[in-house]
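Data block below; observations after.
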Amino acid sequence: MKKVYLDNASTTPLRPEVIQEITKVLTEDYGNPSSTHSLGRNAKSILELSRKSIAKQLNATAQEIIFTSCGTEANNWILRSAVKDLKVTRIITSKIEHHAVLHTAMELQKEYAIQIDFVNVKSNGELDLTHLVELLSEEKKTLVSLMHVNNETGAILDLGRVSRICQEHNVLFHSDTVQSVGKTKIDLQTIPIDFIVASAHKFHGPKGVGFAFVRKNSGLQPLFFGGEQEKGQRPGTEAVHQIAGMAKALELSYQNLEAESQYIASLKDYAIERLKANFPEFKINGENTFHNLLNVILPIEENKTAMLLFHLDMKGIAVSRGSACQSGSIRPSHVLAEMLSEEDLKKPSIRISFSHYNTKEDVDLLIEGLKSI
């Protein structure tokens with residue numbers, strides 16, 4: 001049975017070149033980058049070359065890239081330090097953020113009694129930026145935290161526009177860019193954003209490693225303590241093999257960006273065509289969504305919702321009901337709950353997410369699998 005993997009928004013397969021890079025570093029460059037002997041210096045060199053490579057892809061400086069274990073850690077660090085150390089008294093976010101931001105904000109509200117305001121969500125999944133401007137008319141020490149590409153619907157935020165709104169109101173801007181780094185160009189010289197985060201396994205790199213971009217002189221302080229690694233911002237011996245793999249994955253993603261994104265967009269169009277032909281009453285959740293994400297309501301009986309993914313899985317087809325971080329849950333998605341009517345929320349929705357490794361045959365097998373339910 002052919003395995004069909006259409007859950008690339010939750011994680012992606014590693015590129016062969018990334019596996020080679022990780023294996024080489026694990027085998028040959030096993031020194032601790034904090035050691036002063038030649039093996040340590042060599043590991044340190046790999047670490048810093050990886051940092052420069054990542055910074056170059058985003059048009060940032062190397063000193064603005066801090067390595068973390070994942071996007072969740074980076075989000076927690078930035079939000080917590082903004083409140084604790086930068087004395088932010090209000091976070092403006094949205095109810096469709098990843099839980100790494102939402103749950104952190106709620107915890108900070110409990111601990112520090114900060115104000116939390118939510119930007120209105122339109123029915124197409126986009127944020128109401130007029131409402132954001134209204135919220136910013138109240139002058140308070142504020143951090144705006146809004147994601148670039150929504151991980152469930154693929155709704156896109158105009159980073160440049162929101163950055164400029166935040167700059168005009170003299171507030172900090174953080175964006176969870178986990179779904180967009182490596183999949184679209186982000187130029188940090190032209191976008192005046194303060195903080196972004198990334199996770200390697202979303203762009204064909206290894207799990208367990210990510211990074212934060214922290215605009216220089218931001219004043220952030222570490223989340224935990226122990227060593228002087230990462231300019232004193234993130235203690236603990238760096239996972240050199242993971243970091244080298246992440247740098248290689250990002251470099252290859254941007255080298256192949258145009259061809260791969262066009263190909264992926266054509267697969268998404270093909271999937272929409274096939275869904276229209278076989279399920280004329282299906283609906284797409286969101287408008288003008290990111291090229292690799294397709295979230296759809298299926299005209300399938302509600303009592304089959306719980307077993308839908310199981311049936312597809314039995315046929316070797318991997319898709320998701322929403323965010324992978326909570327896909328074991330049968331509760332409706334908190335993102336779709338903000339966008340859909342009560343009636344549509346009860347119907348089965350699935351998230352199909354593509355990579356350049358997918359084919360039209362994968363889409364055909366998905367359609368056959370859905371027809372057999």
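The values are calculated or read from the model by the stated rules, or taken from the named source; none is laboratory data. For clarity, every value in this text was computed on a predicted model and none was experimentally measured. Cβ atoms come from the backbone with ideal geometry, glycine included; neighbour counts cover every protein chain shown.
Looking across Leu366, Leu294, one residue alone is outside any strand (DSSP E or B), surrounded by 14 or more Cβ atoms within 10 Å (Cβ to Cβ) and touching a strand residue (DSSP E or B) at 6+ places or on another chain (Cβ under 9 Å). It is Leu366.
Name the single residue, out of those in region 210-231 being crowded, with 24+ Cβ neighbours inside 10 Å and of a type in the set (A, V, I, L, M), that is farthest from the chain's Cα centre (by Cα). In this case the residue turns out to be Val214.
Going by what's in this entry, would Thr27 be described as over 30 Å from Asp364 (Cβ atoms) and either modelled with pLDDT under 95 or assigned to a helix (DSSP H, G or I) (or both)?
The answer is yes for Thr27.
Just so you know, in region 1-19 the residues that are modelled with pLDDT of 95 or more and of a type in the set (D, E, K, R) include one that is surrounded by the fewest Cβ atoms within 10 Å (Cβ to Cβ), and it is Lys3. Annotation note: of Ile22, Ile54, the sole residue that is part of a helix (DSSP H, G or I), modelled with pLDDT of 95 or more, buried (at least 20 other Cβ atoms within 10 Å of the Cβ) and more than 21 Å from the chain's Cα centre (by Cα) is Ile22.
Every residue, every condition in (1) modelled with pLDDT under 95; (2) buried (at least 20 other Cβ atoms within 10 Å of the Cβ); (3) not aliphatic (A, V, I, L, M), yes or no:
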residue	(1), (2), (3)
Pro33	no, yes, yes
Thr36	no, no, yes
Asp117	no, no, yes
His131	no, no, yes
Glu134	no, no, yes
Leu143	no, yes, no
Asn150	no, yes, yes
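Quick one: which residue in Gly227, Gly205 is at pLDDT below 95 and in a loop (DSSP other than H, G, I, E, B)? Going through Gly227, Gly205 in turn, just one is at pLDDT below 95 and in a loop (DSSP other than H, G, I, E, B): Gly227.
For Cys166, the criteria (1) outside any helix (DSSP H, G or I); (2) of a type outside the set (D, E, K, R); (3) surrounded by 23 or more Cβ atoms within 10 Å (Cβ to Cβ) hold in every case but one, which is (1). Looking across region 334-363 at every residue that is touching a strand residue (DSSP E or B) at 6+ places or on another chain (Cβ under 7 Å) and over 13 Å from Val296 (Cα atoms), the one that is surrounded by the fewest Cβ atoms within 10 Å (Cβ to Cβ) is identified as Glu338. The condition (being at pLDDT 95 or above, under 13 Å from Leu146 (Cβ atoms) and assigned by TED's automatic domain parsing to the domain that holds Ser81) is satisfied by just one residue among Leu220, Leu172, Leu188: Leu172.
Checking every residue in region 61-68 against the condition of being among the aromatic types (Phe, Trp, Tyr), closer than 26 Å to Ser218 by Cα and in contact with a helix residue (DSSP H, G or I) (Cβ under 6 Å, 6 or more places away or on another chain) gives at least one match. Note on region 251-291: among residues that are of a type in the set (Val, Ile, Thr) and not in a loop (DSSP other than H, G, I, E, B), the one that is nearest to Val121 (Cα to Cα) is Ile284. Just one of the listed residues (Gln262, Gln233, Gln229) is free of Cβ contacts under 8 Å to residues at least 40 places away in the same chain and of a type in the set (S, T, N, Q), and it is Gln262.
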